[in-house]
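A.B. asks: Sharing a structure, written as structure tokens. Questions coming.
The values are calculated or read from the model by the stated rules, or taken from the named source; none is laboratory data. The model shown is predicted, which means the values in this text are computed figures rather than measured ones. Because the Cβ atoms are built from the backbone with ideal geometry, glycine has one as well, and the counts that use them run over all protein chains shown.
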Protein chains: 2
Amino acid sequence: MRIVLCGIGVVGKALLQLLLDDRRWLADHHGFAPRIVGAADSRGVAASKNGLDLLGLLSLKARTGSVGTGPIPDLPQFIADTDADVFVQAVPTNVRNPTDAIDQCRAAIHSGKHIVTATKSPLACAMASLKDAAAAHRVRFGYSATVGAGTPMLALAARCALGDRVTRIEGVVNGTTNYILTAMENKGETFEAALLQAQKLGFAETDPSADVDGLDTACKTVILANEAMHRRAVFTDVRIDGIRHVTPDWIGQAASAGRRIKLVGRADEHGLSVAPREVPIGSPLDVPGTTNALCISLERGGDVTLTGRGAGGFDTASAILRDLLDVWRSMRGE
Amino acid sequence: MRIVLCGIGVVGKALLQLLLDDRRWLADHHGFAPRIVGAADSRGVAASKNGLDLLGLLSLKARTGSVGTGPIPDLPQFIADTDADVFVQAVPTNVRNPTDAIDQCRAAIHSGKHIVTATKSPLACAMASLKDAAAAHRVRFGYSATVGAGTPMLALAARCALGDRVTRIEGVVNGTTNYILTAMENKGETFEAALLQAQKLGFAETDPSADVDGLDTACKTVILANEAMHRRAVFTDVRIDGIRHVTPDWIGQAASAGRRIKLVGRADEHGLSVAPREVPIGSPLDVPGTTNALCISLERGGDVTLTGRGAGGFDTASAILRDLLDVWRSMRGE
């Protein structure tokens, strides 16, 4: 399988490292020997018909900050022109300007490439139309890595939705905010102090807005609702409230009532929302630190709850690998 | 899709009811309009090329205890002779004599029928060889309903195993024993008293051995281990200890150490086992009543935990329906 990879940040590098480390196991167990025939980051591109040397690529990226040299690449053109089976997308999510990432997906679809993406914005903003386009062009569109990192939340959601009806989804699906809320609760800290600490430890970005203002959770809620509830929702359908206004006082009052405050993404008959909500201590959504939880309510089957690690480059890369193996199986007619 | 169904007990009846109730929804949403062209229980058979009337079938079963009249049918022959696409198996699990249920599966495979089963014994005793035979005959073999009832534990296990390595599985996968243990803990009852109460409420069978002696959990542990850890284990590989010897004293001592006793099925590098084990209160396996829990440890992805209802005719029938929809999609080339 020939791959063109765009985005060599935390996730892209983890994927390259994983393909290196697991090369033998993947070949032995799955007959899977992928080649990266094209790689691009925001500053340059690299390409080789026979497959790039992954170690060399990682080392070049570490030394120079890019896998290639300028000029700044036209990624859709690069994706369309590269002779590959699959486009792997690991560029940063930007819901304020999703166009670039969507254009990359369209370029892949129109040049007959399967897509495996870890970038949330194309799905949060154009999931239904991209899926329709992929189906029309008979290419696969894998996006396991966009929700839950290595915890297969979307696979579970899809499975639950088959043969039963999902009436509600609730998720604690952003590790950064859950880490901050857990720290505020455990140490009585203010939001600002807990955020600063999370940034120092690498659990929060320098610009924390996507996490603490609920944008990341909103993207994931859209993807989950579309997957499990057969909706065609987009990011702007979500009522979003973040955690900046959560105070130690509120946390204390909730605790004395046997509750914890979690940033909850929810989809139900009232629509999609993201907001800090009080959940009973010990209930399925009461997960600590960077753990993620997803609760799916089924009309017939009751509540199904999944918890697991929801963040991390290698976990996200694992999810990309699962989708690549799915594509590989379908290419082999399995 | 033409179905031949064997076993019209709690699960078989629930499936017929579900196909009746959801007829319109299944047709509209999935283009799925199955016909039951053959049905058999231990006392008789019924068949119709155009599809049996489901309401009539259920009413006959309720009135007479059977869907047909004697003599006692030769089920493998009936399965082989019925012109159907799929064999649905919902006969009772009997691990002491799994031959009959295995023979039914073989008859289906050799007559080119897909299989969807809720019966654990063929999988617990011959999973690897039946899967090999099904693959060789290019028929699908669905067994979602054998573990977790409506909670898609096997789908999650398979997904987790793809692209990562499962190092350990632990499950609380038998609702009856968990109900009894929860009652013993909450009311300080003896095992015998709690069992009697569970039998009165319909949570335990008149012959409770399969549940309380750990046989049901052992079957499910075999199926989970084979699915997630690529093993070829069989029932006799499992070291099995049930809950008859759990005392109120032990439960009390565990509680004072912050632990609860659960019947845990486990597969790891030491092999497969079923035994009552102390688990920390609030840990993933600490689920109450008839709730099931499955904890999958991944080499790369950490622990993934799934909880949900693990019992009930309609829940199990939902899982059968999911597998039928999978078969239906593959028949349509999706």
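A.B. asks: Identify, from the list B:Ala161, B:Ala149, the residue that is touching a residue at least 24 places away in the same chain (Cβ under 8 Å), within 14 Å of chain A (Cβ to nearest Cβ) and farther than 21 Å from B:Leu325 by Cα.
C.D. replies: On the way: B:Ala149 fails: farther than 21 Å from B:Leu325 by Cα.
B:Ala161 is the lone residue from the list that is touching a residue at least 24 places away in the same chain (Cβ under 8 Å), within 14 Å of chain A (Cβ to nearest Cβ) and farther than 21 Å from B:Leu325 by Cα.
A.B. asks: Only one residue in A:Ile240, A:Ile251 is more than 30 Å from A:Phe87 (Cβ to Cβ), modelled with pLDDT of 95 or more, more than 14 Å from chain B (Cβ to nearest Cβ) and touching a Leu at 6+ places or on another chain (Cβ under 8 Å). Which one?
C.D. replies: Matching residue, one of A:Ile240, A:Ile251: A:Ile251.
A.B. asks: Going by the conditions given, is B:Asp211 in a helix (DSSP H, G or I), more than 14 Å from chain A (Cβ to nearest Cβ), free of Cβ contacts under 8 Å to residues at least 40 places away in the same chain and within 21 Å of B:Ser144 (Cα to Cα)?
C.D. replies: In short, yes.
A.B. asks: Here's a follow-up. State whether one or more residues within the range A:130-139 are touching a residue at least 60 places away in the same chain (Cβ under 8 Å) and surrounded by fewer than 24 Cβ atoms within 10 Å (Cβ to Cβ).
C.D. replies: no
A.B. asks: While we're on this one: Given the conditions (1) closer than 23 Å to A:Thr151 by Cα; (2) more than 14 Å from every other protein chain (Cβ to nearest Cβ), which single one is not true for A:Ala257?
C.D. replies: Result: A:Ala257 fails condition (1) only.
A.B. asks: Moving on. Can you tell me how many residues within the range A:24-82 are under 15 Å from A:Gln104 (Cα atoms), among the β-branched types (Val, Ile, Thr) and touching a helix residue (DSSP H, G or I) at 6+ places or on another chain (Cβ under 7 Å)?
C.D. replies: Residues flagged as under 15 Å from A:Gln104 (Cα atoms), among the β-branched types (Val, Ile, Thr) and touching a helix residue (DSSP H, G or I) at 6+ places or on another chain (Cβ under 7 Å) within the range A:24-82 amount to 2.
A.B. asks: Report whether or not A:Arg322 is of a type outside the set (S, T, N, Q), assigned to a strand (DSSP E or B), within 14 Å of chain B (Cβ to nearest Cβ) and crowded, with 19+ Cβ neighbours inside 10 Å.
C.D. replies: Considered against the rule, which asks whether it is of a type outside the set (S, T, N, Q), assigned to a strand (DSSP E or B), within 14 Å of chain B (Cβ to nearest Cβ) and crowded, with 19+ Cβ neighbours inside 10 Å, A:Arg322 comes out as no.
A.B. asks: Quick one: which residue in B:Ala225, B:Ala233 is closer than 16 Å to B:Ala275 by Cβ, small (Gly, Ala, Ser) and at pLDDT 95 or above?
C.D. replies: Within the list B:Ala225, B:Ala233, the selection yields B:Ala225.
A.B. asks: Could you say whether any residue in the range B:100-116 is loosely packed, with under 14 Cβ neighbours inside 10 Å, in a helix (DSSP H, G or I) and of a type in the set (A, V, I, L, M)? I'd like the intermediate steps shown before the answer.
C.D. replies: Step one: list which residues in the range B:100-116 are loosely packed, with under 14 Cβ neighbours inside 10 Å, which gives B:112.
Pick out the ones that are also in a helix (DSSP H, G or I) and you get none.
No, the conditions are met nowhere in the range B:100-116.
A.B. asks: For the range B:65-92, name all the residues that are farther than 19 Å from B:Leu321 by Cα and among the polar types (S, T, N, Q). Write out each step before concluding.
C.D. replies: Going residue by residue through the range B:65-92, those that are farther than 19 Å from B:Leu321 by Cα are B:65-83.
Across the range B:65-92, the qualifying residues are B:Ser66, B:Thr69, B:Gln77, B:Thr82.
A.B. asks: Residue by residue through the range A:131-159, note down the ones that are under 24 Å from A:Asn94 (Cα atoms), part of a loop (DSSP other than H, G, I, E, B) and not aliphatic (A, V, I, L, M).
C.D. replies: Matches in the range A:131-159: A:Arg140, A:Tyr143, A:Gly148, A:Gly150, A:Thr151, A:Pro152.
A.B. asks: So which pairs qualify, if the first residue must be in the range B:250-268 and closer than 15 Å to B:Asn292 by Cβ, the second must be of a type in the set (D, E, K, R) and part of a strand (DSSP E or B), the Cβ gap must be under 6 Å, and the two must be at least 6 apart or on different chains?
C.D. replies: B:Val264/B:Glu170; B:Val264/B:Arg277; B:Arg266/B:Glu170
A.B. asks: If A:Ile102 satisfies every condition in (1) of a type outside the set (S, T, N, Q); (2) more than 12 Å from chain B (Cβ to nearest Cβ); (3) touching a Lys or Arg at 6+ places or on another chain (Cβ under 8 Å) but one, which is the exception?
C.D. replies: Every listed condition holds for A:Ile102 apart from (3).
A.B. asks: Next question. Counting just the residues of the range A:300-316 that are more than 9 Å from chain B (Cβ to nearest Cβ) and not polar (S, T, N, Q), which one comes out farthest from A:Ala228 (Cα to Cα)?
C.D. replies: A:Gly313
A.B. asks: Now for a separate question. Sort through A:Thr176, A:Thr236, A:Thr182 and tell me the only one that's part of a helix (DSSP H, G or I), polar (S, T, N, Q) and under 14 Å from the mean Cα position of the chain (by Cα).
C.D. replies: Working: A:Thr236 fails: under 14 Å from the mean Cα position of the chain (by Cα); A:Thr182 fails: under 14 Å from the mean Cα position of the chain (by Cα).
Of A:Thr176, A:Thr236, A:Thr182, the one residue that is part of a helix (DSSP H, G or I), polar (S, T, N, Q) and under 14 Å from the mean Cα position of the chain (by Cα) is A:Thr176.
A.B. asks: I would also like to ask the following. Quick check: is even one residue across the range B:43-59 within 14 Å of another protein chain (Cβ to nearest Cβ) and among the acidic types (Asp, Glu)?
C.D. replies: Within the range B:43-59 (the criterion being within 14 Å of another protein chain (Cβ to nearest Cβ) and among the acidic types (Asp, Glu)), the answer is no, since none of the residues qualifies.
A.B. asks: If I filter the range B:271-293 for residues that are within 15 Å of B:Thr182 (Cα to Cα), within 20 Å of the chain's Cα centre (by Cα), surrounded by 17 or more Cβ atoms within 10 Å (Cβ to Cβ) and away from chain A (no Cβ under 14 Å), do I get at least one hit?
C.D. replies: No, that holds for no residue.
A.B. asks: Would you confirm whether any residue within the range A:189-208 is within 14 Å of chain B (Cβ to nearest Cβ), touching a residue at least 12 places away in the same chain (Cβ under 8 Å), of a type in the set (A, V, I, L, M) and under 24 Å from A:Gly308 (Cβ atoms)? Please lay out each step first, then the result.
C.D. replies: Narrowing the range A:189-208 to residues within 14 Å of chain B (Cβ to nearest Cβ): none.
Checking the range A:189-208: not a single residue is within 14 Å of chain B (Cβ to nearest Cβ), touching a residue at least 12 places away in the same chain (Cβ under 8 Å), of a type in the set (A, V, I, L, M) and under 24 Å from A:Gly308 (Cβ atoms).
A.B. asks: Give A:Leu58, A:Leu15, A:Leu54 a once-over and let me know the one that is under 19 Å from A:Asp326 (Cβ atoms) and aliphatic (A, V, I, L, M).
C.D. replies: Values: A:Leu58 fails: under 19 Å from A:Asp326 (Cβ atoms); A:Leu54 fails: under 19 Å from A:Asp326 (Cβ atoms).
So the residue among A:Leu58, A:Leu15, A:Leu54 that is under 19 Å from A:Asp326 (Cβ atoms) and aliphatic (A, V, I, L, M) is A:Leu15.
A.B. asks: Further question on the same structure: From A:Glu185, A:Glu192, A:Glu227, A:Glu205, which residue is surrounded by fewer than 17 Cβ atoms within 10 Å (Cβ to Cβ) and touching a helix residue (DSSP H, G or I) at 6+ places or on another chain (Cβ under 8 Å)?
C.D. replies: After ruling out the rest, the residue left standing is A:Glu205.
A.B. asks: Output the residue which, of all residues in the range A:257-306 that are part of a loop (DSSP other than H, G, I, E, B) and of a type in the set (Val, Ile, Thr), is modelled with the lowest pLDDT.
C.D. replies: In this case the residue turns out to be A:Thr290.
A.B. asks: Strands (runs of 3 or more DSSP E) wholly in the range B:1-92 with at least 1 residues that are buried (at least 18 other Cβ atoms within 10 Å of the Cβ) and within 22 Å of the chain's Cα centre (by Cα) - which ones?
C.D. replies: Qualifying strands (runs of 3 or more DSSP E): B:2-6, B:35-41, B:86-89.
A.B. asks: Need pairs with beta-carbon distance below 7 Å; first residue within 22 Å of B:Phe141 (Cβ to Cβ) and within the range B:303-327, second crowded, with 24+ Cβ neighbours inside 10 Å and charged (D, E, K, R); sequence gap 6+ or separate chains.
C.D. replies: B:Ser318/A:Asp164; B:Arg322/A:Arg159
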